[in-house]
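Asker: Would you mind keeping the following structure in view while I ask a few things?
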Amino acid sequence: MIAAGMFFLPLSAGGETSRSSAPLPWMNTALGADARADLLLAQMTEDEQLEMVMGYVGADQRLPYGRPPPEALKPFLPGTAGYVPGIPRLGIPALVESDAGLGIANNSRMRPLDQATAFPSGVLTAATWNPALAQQVGAAIGTEARDRGFNVLLGGAMNLAREPRGGRTFEYAGEDPLLAGIIAGAEVSGVQSQHIVSTVKHFALNDQETGRTVLNAVIDEAAARESDLLAFEIAVERSDPGAVMCAYNRVNGTYACENPFLLTNVLKTDWKYPGWVLSDWGAVHSTQDSANAGLDQESAAGFDAKDYFGPPLKQALADGSVSPARLHDMVHRILRSMIAKGLFDYPAEKLTLDLEANRPTAQKDAEEGIVLLKNGAKLLPLSRSVPRIAVIGAHADIGVLSGGGSSQVVPVGHSTADEFPVGGAIQVMRNGAKIFPRGTELFDPPSPLLAIRALAPNATVAYDSGENAQTAALLAKQCDVAIVFASQWMAEGRDVPTLGLPGEQDELIEAVAAANPRTIVVLETGGPVLMPWLARVSAVLEAWYAGSGGAAAIARVLFGDVNPSGKLPLTFPQGDDQLPRPVIPSAAPGMPFDVNYIEGADVGYRWFERKNLTPLFPFGFGLSYTTFRIEGLTANAMNGTVSASVDITNAGTVAGAETVQLYASPPDDNGSNVSRLVGFSKIELKPGEKRRVTIVAEPRLLASFDTAHHAWRMAEGTYRLSAGDSSAALGQAIDVHLPAREFAP
Ligand code: BGC
């Protein structure tokens, strides 16, 4: 750290800056970030300012669709997702960017020898309902970034799962704005605790991959503010992310990265966001419109059809179509975030990596996010003395599945033998190249098979690939219990066509279950899947993409070393036809089309409730090896704050954790009493232990957004509060009468 009074140039993460002994007033840590940014800005020429608002392609410079970067920058770009040169003369560090939602990404194998901890998918972390753990995960990812010399992480992926077949559902944090905002916010603040800037992304309404660069999300303002935007609002206020990444798609007719409503009205004015907006890779379509709408930095020049910042922005300044004040604001925001997050005072430097250091954190995340969906006849936890166990399918002899695209980590212990080609269309890039994401399913080692063998050393544990249902069934018949692993690969750039498990996996599960009723299905999926075989299997574990600690976590849950406590962060439908859009909207390649969000703010479970649909498994659902009682609900409304208290008792014989969920049905919600998650609390209880918890309701979820008054408005009337262990099991309910209330966005 640079102490107040010693103001020297830092070493930049990009290695371009050298130390100087000249005193630099903006390095005075006694000053606030804004004041320091202003001191710096006053020293910068217009050309230097223009340099700061233009990023370059890092990783993908060797890909055919990127224009080559300036020669002078070439040494610094390889191995990064993006790069913005620093200004050595003033000691401004370069921005060295990596994708990092689920660990330090290495898509396209841009750093051939670099392996990193694969953290569980975002949806798994959301399933922990544990913000403190999400924060720890973020901090661990932050240290892995610093130690590789990165100082900007393109993390905080948190679009709402309006489209559960969306190819990036695994990266995001589920369907509920409160849960997604809290979990993503916690993870981002963990990253930033390591003096790294994190983004939140993709702002906003980038909820499907099909046609993501051309689609137009159509939604009314109130509904957007109450759903997708609310999730971002909560994450932004909880984490103060250094940057926000604007999305590829259009929103109500205007591209997200040149959308004044999103960037200026909502983000910067209503939410008073002080950081900078950077574009997604190839999401910029204009100079003047983008700059004046609130875009602060064009990322990855060469991905856009042409350069829009850089020389064209200089021209726009010269002809007055963009004001110097706007350029100053862009640069101020970037510098301010860099200073506030510690990029000047705690520069990231490449260190020797301890590759195993964060596996325990990844494993803890997986252990808390695995969801037990069914446990017939209490088959689980398995006894260690089961003589013969069949492990079948999904490359369980290799590792656990991970999702594809820019978030892809090359995990510690990886070998190319852990990758398998996937069928199906690969995204076609502008020049026709079919290159991203790689059409490979990558499995994170170690294998569940080894982890199961380790916990049941006296059992015979036999493996069958599941390619032939008959041989798998035969093995299952010869064993006391059969564990079938089933997987669904998801990747950025392509949606899955259906929630059904791909390939012949349903048939495999049916065959194994017919041969041995003591069949356990372990799902490795990006999001919800259909389970036509549910009635015929004994137990189901949703293990998502569980990462480097996943195998151990799955085995520990199976044998009861860990009592499962994950809860679904999204609804599992009974069929695609229960979704607001049974077929994913699309058009001929490259042709624009609308996606009409007819569900408005009623995303996920709220849609199911509004339409009176019964899902396969409801939002918030998850079983435990113990049982909990939730009772004694009381409510308290004082000075505009509504809270509820409830007793939770562990009525079983093993320790466990329960997430109590508080839902509210506001009186003015079209009279249909659709409930919304307004708060939650996860607590650990020993057998027999009872505790009373108080949950404060998030006021914006008790309110509706009144566009005409530009305010959140709570109607006077009776609000039904209910507490339970899922959105569908609301045993306890209480009515509270609340006065009318209005508050600013
Ligand atoms: C993705 C972003 C990612 C960027 C850089 C884009 O294709 O949408 O999430 O951060 O690439 O890799």
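Asker: Quick one: count up the residues across the range 535-559 that are among the small types (G, A, S) and either assigned to a helix (DSSP H, G or I) or more than 26 Å from S383 (Cα to Cα) (or both).
Answerer: If we filter the range 535-559 for residues that are among the small types (G, A, S), which is where we start, we get 535, 538-539, 543, 546-553, 555.
Of the ones still in play, those that are also either assigned to a helix (DSSP H, G or I) or more than 26 Å from S383 (Cα to Cα) (or both) are 535, 547-553, 555.
Within the range 535-559, residues that are among the small types (G, A, S) and either assigned to a helix (DSSP H, G or I) or more than 26 Å from S383 (Cα to Cα) (or both) number 9.
Asker: Then there's this: When you go through E237, E226, E298, E233 one by one, which is the residue that is within 16 Å of the ligand (Cβ to nearest atom) and modelled with pLDDT of 95 or more? Explain how you work it out, then say what you get.
Answerer: Details: E237 fails: within 16 Å of the ligand (Cβ to nearest atom); E226 fails: within 16 Å of the ligand (Cβ to nearest atom); E233 fails: within 16 Å of the ligand (Cβ to nearest atom).
Going through E237, E226, E298, E233 in turn, the sole match is E298.
Results for (1) touching a Pro at 6+ places or on another chain (Cβ under 7 Å); (2) under 30 Å from N612 (Cα atoms); (3) acidic (D, E); (4) part of a loop (DSSP other than H, G, I, E, B), shown as yes or no for each residue.
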residue	(1), (2), (3), (4)
V642	no, yes, no, no
S645	no, yes, no, no
A664	no, yes, no, no
L677	no, yes, no, no
P687	no, no, no, yes
A708	no, no, no, yes
Y719	yes, yes, no, no
V736	no, yes, no, no
E742	no, no, yes, no
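Asker: For the range 21-59, enumerate the residues that are within 16 Å of the ligand (Cβ to nearest atom) and in a helix (DSSP H, G or I). Steps first, please.
Answerer: First pass over the range 21-59, keeping only residues within 16 Å of the ligand (Cβ to nearest atom): 54-59.
The one that is within 16 Å of the ligand (Cβ to nearest atom) and in a helix (DSSP H, G or I): A59.
Asker: Give the residue that is surrounded by the most Cβ atoms within 10 Å (Cβ to Cβ), with candidates limited to residues of the range 345-388 that are assigned to a helix (DSSP H, G or I) and over 22 Å from the mean Cα position of the chain (by Cα). Show your work before the answer.
Answerer: Initially, the range 345-388 is screened for residues assigned to a helix (DSSP H, G or I), giving 359-369, 376-378.
Right, trim to over 22 Å from the mean Cα position of the chain (by Cα) and you get 376-378.
On the way: G376: 17, A377: 9, K378: 9.
Step by step, filter the range 345-388, then rank; the result is G376.
Asker: Exactly one condition in (1) polar (S, T, N, Q); (2) open to solvent by 50 Å² or more (accessible area, probe 1.4 Å); (3) over 24 Å from P564 (Cα atoms) is false for S665; which is it?
Answerer: (2)
Asker: Sticking with this structure for a sec: (1) within 16 Å of the ligand (Cβ to nearest atom); (2) on the phi > 0 side of the Ramachandran plot; (3) open to solvent by less than 10 Å² (accessible area, probe 1.4 Å): which one isn't true of G342, the others all being true?
Answerer: (1)
Asker: Here's something else I'd like to know. Output the residues belonging to the range 187-204 that are more than 14 Å from the ligand (Cβ to nearest atom) and either surrounded by fewer than 24 Cβ atoms within 10 Å (Cβ to Cβ) or under 21 Å from C257 (Cα atoms) (or both).
Answerer: Passing the criteria: S189, S193, Q194, H195.
Asker: Sort through D594, D602 and tell me the only one that's open to solvent by less than 20 Å² (accessible area, probe 1.4 Å) and more than 28 Å from A366 (Cα to Cα).
Answerer: From the options D594, D602, the qualifying one is D602.
Asker: Next up: Farther than 21 Å from V371 by Cβ and within 23 Å of the chain's Cα centre (by Cα): does that describe D602? Let's see the steps before the verdict.
Answerer: Details: farther than 21 Å from V371 by Cβ: yes; within 23 Å of the chain's Cα centre (by Cα): yes.
In short, yes.
Asker: Just need a number here: residues in the range 247-289 that are open to solvent by 50 Å² or more (accessible area, probe 1.4 Å), assigned to a loop (DSSP other than H, G, I, E, B) and polar (S, T, N, Q).
Answerer: Total satisfying the criteria: 1.
Asker: Considering each residue of the range 78-128, count those that are assigned to a helix (DSSP H, G or I), more than 16 Å from the ligand (Cβ to nearest atom) and either closer than 30 Å to P528 by Cα or among the hydrophobic types (A, V, I, L, M, F, W, C) (or both), and give that number.
Answerer: Taking the range 78-128 as the starting set, the residues that turn out to be assigned to a helix (DSSP H, G or I) are 88-90, 107-109, 122-127.
After this cut, where a residue has to be more than 16 Å from the ligand (Cβ to nearest atom) as well, the list is 88-90, 124-127.
After this cut, where a residue has to be either closer than 30 Å to P528 by Cα or among the hydrophobic types (A, V, I, L, M, F, W, C) (or both) as well, the list is 90, 124-127.
Total meeting the criteria: 5.
Asker: Another question, then. Among L442, L455, L449, L474, which is the only one that is hydrophobic (A, V, I, L, M, F, W, C) and either closer than 20 Å to L102 by Cβ or at pLDDT below 90 (or both)? Walk me through how you get there before you give the answer.
Answerer: On the way: L455 fails: either closer than 20 Å to L102 by Cβ or at pLDDT below 90 (or both); L449 fails: either closer than 20 Å to L102 by Cβ or at pLDDT below 90 (or both); L474 fails: either closer than 20 Å to L102 by Cβ or at pLDDT below 90 (or both).
Only one candidate qualifies: L442.
Asker: List every residue pair whose Cβ atoms sit under 9 Å apart, with the two residues 6 or more apart in sequence or on different chains, where the first one lies in the range 246-263 and is among the hydroxyl-bearing types (S, T, Y) and the second, anywhere, is open to solvent by 50 Å² or more (accessible area, probe 1.4 Å) and within 16 Å of the ligand (Cβ to nearest atom).
Answerer: Y248/T213; Y255/H285
Asker: Condition (residue is within 16 Å of the ligand (Cβ to nearest atom) and open to solvent by less than 10 Å² (accessible area, probe 1.4 Å)) applied to the range 129-136: is it met by at least one residue?
Answerer: Within the range 129-136, the subset within 16 Å of the ligand (Cβ to nearest atom) is none.
No: zero hits.
Asker: Going through the range 462-493 one residue at a time, which ones are among the β-branched types (V, I, T) and open to solvent by less than 10 Å² (accessible area, probe 1.4 Å)? So that I can check it myself, show each step before the final result.
Answerer: In the first step, residues of the range 462-493 are kept if they are among the β-branched types (V, I, T); the result is 471, 481, 483-484.
Listed by number, the residues that qualify are V481, I483, V484.
Asker: If you don't mind, there's one more thing I want to ask. Which of the helices (runs of 4 or more DSSP H) contained wholly in the range 444-534 include at least 2 residues that are farther than 24 Å from G547 by Cα and free of Cβ contacts under 8 Å to residues at least 40 places away in the same chain? Walk me through how you get there before you give the answer.
Answerer: Details: elements: 448-455, 469-478, 505-515.
It comes to 469-478, 505-515.
Asker: So A635 fits all but one of (1) open to solvent by less than 70 Å² (accessible area, probe 1.4 Å); (2) more than 26 Å from the chain's Cα centre (by Cα); (3) not assigned by TED's automatic domain parsing to the domain that holds E689; what number is the exception?
Answerer: (3)
Asker: A further question follows. Can you tell me which of (1) part of a loop (DSSP other than H, G, I, E, B); (2) without any contact (Cβ under 8 Å) to a residue 60 or more places away in the chain is the one A601 doesn't meet?
Answerer: That leaves (2) as the condition not met.
Asker: Say we look at the range 243-291 and pick out the residues that are acidic (D, E) and touching a helix residue (DSSP H, G or I) at 6+ places or on another chain (Cβ under 8 Å); which of these is nearest to the ligand (Cβ to nearest atom)? First the steps, then the outcome.
Answerer: The first filter runs over the range 243-291 and keeps only residues acidic (D, E), leaving 258, 270, 280, 289.
With the extra rule that they be touching a helix residue (DSSP H, G or I) at 6+ places or on another chain (Cβ under 8 Å), the set shrinks to 258, 280, 289.
Values: E258: 17, D280: 5, D289: 21 Å.
Looking at the filtered set, the residue picked out is D280.
The values are calculated or read from the model by the stated rules, or taken from the named source; none is laboratory data. All values reported here derive from a predicted model rather than from experimental measurement. All Cβ positions, even for glycine, are placed from backbone atoms using ideal geometry, and neighbour counts span all protein chains on display. Note: accessible area is taken over every heavy atom of the protein model, side chains too, but ligands, DNA and RNA are not part of it. Shrake-Rupley method; radii C 1.70, N 1.55, O 1.52, S 1.80 Å.
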